[in-house]
Amino acid sequence: MEKENQWSEINKDVTDIAKKVKSKIDEEDLVEDLKDSFEKTVESATEIFKTLINTLESTISDEELKQDSKKVVENISSELKSVINETKLKFVGTTKININSEEE
């Protein structure tokens, strides 16, 4: 009877470990999906700003208005890049903290 309890306990432990491994793999997949989605969003935003600047250059004939408009778009683009870089740093820092916490 005692051997059956030991085997039952071992079986439970193995099952728990398998669940933790699967959960960890699922979390890592979600993080990778999030990173990929973030990169695609950044690339898309970059293309939008490039297209907007090209459109401004080709459609506005008044040079002063064209330069002012480009400057506004470039400022918005710069601010967005800054926010993205801050977000990257926070994300990387959080990921490192989570990894270090799990290893301990």
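None of the figures in this text is laboratory data; all of them are computed from the coordinates on show. What you see is a predicted model; the values in this text were computed from it and never measured. Quick reminder, even Gly has a Cβ in these numbers, built from the backbone with ideal geometry, and neighbours come from all protein chains shown.
Note down the net charge around GLU57, summing +1 for each Lys or Arg and -1 for each Asp or Glu among other residues with Cβ under 9 Å from its Cβ.
+2
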Alpha carbon centroid spacing (whole Å) that separates the range 1-29 from the range 31-54: 41 Å
Computed FRET value (nearest 0.05) for GLU43 with SER23, which takes r as the C-beta separation and R₀ as 41 Å: 0.85
